[in-house]
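The values are calculated or read from the model by the stated rules, or taken from the named source; none is laboratory data. Owing to the predicted nature of the structure, the values given are computational and were not obtained by experimental measurement. When we count neighbours, we look across all protein chains shown, and the Cβ atoms used for this are built from the backbone with ideal geometry, even at glycine.
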């Protein structure tokens, strides 16, 4: 008798939607950077501030208030949403949790809920984001790199401890999920190894932090390729 294969035993490529985001995702403490091709599915409202920069000079981004406009980059406060045009989808996106120092710093300094970046400012952000690695202290980096030297220690103390602890745990589990998926493990197995009680908990965490499900965001993690290799 023919049997149906266990979905959890399948390769992650079997569960990646064709319209998933495909690129490299690195995750730090309270932040993540995506570099690659944005998918057709736009993020929903989430807890993270987003800094979006076009990789090739400009892209088109639509928000709830405007149609798609050509921009070099954009900053969106937490809770704001946008859609990246499918004809120029190559972008670098920083997701920074607004409950933690780096995201709180961005939330405080964003002049508008949706702020367009001119070319030279987008280029500065692009260089800064490209240099990130998982060990980067985002709050300290932003405080000293974006608007001059600012003491960011008050941001750390301003975050309520219980909320911060829960947020950090979620980011640590997300980081571990990404790491294990990149090694070739199926997503559901990776989520369990990362400490999520169930796949539902994993999906809710990704949607809360990125506005995207893990299957949509981890489109290029199925075989360990980087953004440069993503089709």
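Only one of 174, 146, 150, 159 is at pLDDT below 90, under 20 Å from the mean Cα position of the chain (by Cα) and within 20 Å of residue 106 (Cβ to Cβ). Can you tell me which? Walk me through it before giving the result.
Numbers: 174 fails: at pLDDT below 90; 150 fails: under 20 Å from the mean Cα position of the chain (by Cα); 159 fails: under 20 Å from the mean Cα position of the chain (by Cα).
Result: 146 is the single residue among 174, 146, 150, 159 that is at pLDDT below 90, under 20 Å from the mean Cα position of the chain (by Cα) and within 20 Å of residue 106 (Cβ to Cβ).
Flag: residue 32 matches the condition of being at pLDDT 95 or above and either outside any loop (DSSP other than H, G, I, E, B) or under 23 Å from residue 190 (Cα atoms) (or both).
Quick one: which residue in 54, 68, 96 is out of contact with any helix residue (DSSP H, G or I) (no Cβ under 6 Å at 6 or more places or on another chain), buried (at least 16 other Cβ atoms within 10 Å of the Cβ), under 27 Å from residue 17 (Cβ atoms) and at pLDDT 95 or above?
54
Being part of a strand (DSSP E or B), touching a helix residue (DSSP H, G or I) at 6+ places or on another chain (Cβ under 8 Å), at pLDDT below 95 and under 30 Å from residue 163 (Cβ atoms) holds for only one residue in 39, 23, and it is 23. In the range 42-51, of all residues being crowded, with 22+ Cβ neighbours inside 10 Å and at pLDDT 95 or above, the one that is farthest from residue 129 (Cα to Cα) corresponds to 46. For the range 208-231, a residue qualifies if it is at pLDDT 85 or above, surrounded by fewer than 20 Cβ atoms within 10 Å (Cβ to Cβ) and in a loop (DSSP other than H, G, I, E, B), and exactly one does: 213.
Residues are listed down the side, and each one gets a yes or a no for (1) part of a helix (DSSP H, G or I); (2) within 14 Å of residue 219 (Cα to Cα):
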| residue | (1), (2) |
| --- | --- |
| 169 | yes, no |
| 172 | yes, no |
| 175 | yes, no |
| 179 | yes, yes |
| 189 | yes, no |
| 197 | no, no |
| 202 | yes, no |
| 206 | yes, yes |
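Every residue, every condition in (1) under 17 Å from residue 48 (Cβ atoms); (2) over 14 Å from the mean Cα position of the chain (by Cα), yes or no:
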position: 76; (1), (2): yes, no
position: 81; (1), (2): yes, no
position: 91; (1), (2): yes, no
position: 95; (1), (2): yes, no
position: 102; (1), (2): yes, no
position: 106; (1), (2): yes, yes
position: 109; (1), (2): yes, yes
position: 119; (1), (2): no, yes
position: 125; (1), (2): yes, yes
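Of all the residues that make up the range 54-77, how many are part of a strand (DSSP E or B) and under 26 Å from residue 204 (Cα atoms)? Summing the residues that are part of a strand (DSSP E or B) and under 26 Å from residue 204 (Cα atoms) in the range 54-77 gives 6. Of all residue pairs spaced 6 or more apart or on separate chains, those with beta-carbon atoms under 6 Å, a first member in the range 177-190 that is touching a residue at least 24 places away in the same chain (Cβ under 8 Å) and a second member that is surrounded by 24 or more Cβ atoms within 10 Å (Cβ to Cβ) and outside any helix (DSSP H, G or I) are 178/25; 181/218; 181/221; 182/221.
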